[in-house]
Amino acid sequence: MACSAHASNSEKKVPRMKSEERREQILEAALHVFARENYHGATTAKIAEAAGITEPVIYQHFKSKRDLFLEVLKRSRKDMIEWNTKVLAKHDDPIERYQGFTDMFKYYTTQFNRDSAMMWAVAATVNDSDIKAEIRDTDDAVLEQLTNNIRNSMEEGKISSRHAPQVLARIIHGINSHLSWLILVGESRTQDWVYEDLKRFIADVMRKD
């Protein structure tokens, strides 16, 4: 009897998960469920099961499945921008840097976080103004990040091109986005061709002074 009382007291001492930790747990579970079940196939019941919680707990942190989906996208955008910053700072040689940017897209989609990449493919299928706006804002943020980096390389005299920085950034980012789609749908031969040709394009279109 004493042992049971002791065990009960010990259980009471186990700290509850903090609100922010619980929120992150739900977001992580939601990422994987949305990526596998699509937006309409995913339910808060499935997300709760994946997170190891009851469904009402989700609604303590998020108003609806739609709000949860948007938060997963915003979290993914933040991670993507941070990841891009590290990649763009990795190489002193600008051509290697932008080729490395393409390597990053391929690695991110195939190995590092396929579910996060799949989330953007899922988001593109949802007819919702706020979700479409999040896709546009993310696209604009990545383009701005890449454009500024290319512009700085040109102003520093490290590369030159007949194309403006924003044009180069849009080409690189646009083809990288298509590359991600090809990887996600399993078009291996086409993705390899696009990947290699984009890296050659970067070397051809940017000249070192």
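The values are calculated or read from the model by the stated rules, or taken from the named source; none is laboratory data. Bear in mind the structure is a predicted one, so any value in this text is a computation, not a measurement. Every residue, glycine among them, receives a Cβ derived from its backbone with ideal geometry; neighbour counts consider all protein chains shown.
With respect to the conditions (1) modelled with pLDDT under 85; (2) in a helix (DSSP H, G or I); (3) exposed (fewer than 13 other Cβ atoms within 10 Å of the Cβ); (4) not aliphatic (A, V, I, L, M), Asp209 lacks only one, and its number is (2).
Give me the residue from the range 167-193 that is among the hydroxyl-bearing types (Ser, Thr, Tyr) and touching a helix residue (DSSP H, G or I) at 6+ places or on another chain (Cβ under 7 Å) and, out of that set, farthest from Ile150 (Cα to Cα).
Within the range 167-193, the subset among the hydroxyl-bearing types (Ser, Thr, Tyr) is 177, 180, 188, 190.
Keeping just the survivors that are touching a helix residue (DSSP H, G or I) at 6+ places or on another chain (Cβ under 7 Å) gives 180, 190.
Numbers: Ser180: 22, Thr190: 27 Å.
The qualifying residue farthest from Ile150 (Cα to Cα) is Thr190.
Would you point out the residue of the range 138-175, among those that are surrounded by 13 or more Cβ atoms within 10 Å (Cβ to Cβ) and of a type in the set (D, E, K, R), that is farthest from the chain's Cα centre (by Cα)? Out of the qualifying residues, it is Lys158. How many residues are surrounded by fewer than 18 Cβ atoms within 10 Å (Cβ to Cβ), more than 23 Å from Leu168 (Cα to Cα) and hydroxyl-bearing (Ser, Thr, Tyr) when one looks only at the range 96-134? So the answer is 3. When Ala121, Ala117, Ala133 are checked against the criterion of being in a helix (DSSP H, G or I) and over 14 Å from the mean Cα position of the chain (by Cα), a single residue qualifies: Ala133.
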